[in-house]
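To start, the structure under review is shown below, and the notes come after it.
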Amino acid sequence: MTLLTTTPSLALELIGQFQAKEHVNLVAQVHGVIEDLRAESGDPVTRQAVLVRIHQQDFQLDLSKQQANLACAKAKPCWYDLR
C-alpha cells in the first residue's frame, strides 16, 4: 500500500479588467444587408474567422452589375489622343 500526500492548494480571487491586446476596425469588401452575425462586440475571434454573412442576393446583384459594366467597357473601342 502506497500513501500519497499532497500540499493544500492555494486559491486567489482577483478583481480587475481585461483589455484587448489589439483593436481592429472591420470593413466589408462588398455592400449588402447582414444576414447572419456570428460574433458580438467583445467576443474572442481567430484570424480568418467568418464574423458576418452578407445577404447573397445583394452581393450577386452587385457582382452581375459590375460584370456587365466590364463587358460593356471591353466592347467599346478606346480612342486616346496621343498628342
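Give me the net charge of I34's neighbourhood, meaning all other residues with Cβ under 14 Å from the Cβ of I34; Lys, Arg count +1, Asp, Glu -1.
-2
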Here the residues of region 44-63 lying in the modelled label zone of D36, meaning backbone nitrogen under 12 Å from a point 7 Å along Cα-to-Cβ, are 50-56
Cα gyration tensor of region 17-73 diagonalised, 5x eigenvalues square-rooted, in angstrom largest first, produces semi-axes 33, 13, 8
Taking a crude spin-label model, label points 7 Å out from Cα along the C-beta direction, the E22 to Q60 distance in nm is 3.5 nm
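No value in this document is a laboratory result; all are computed from the given coordinates. Everything numeric here is computed off the predicted structure, so don't read it as measured data. Counting neighbours? That spans all protein chains shown, and the Cβs are built from the backbone with ideal geometry, glycine included.
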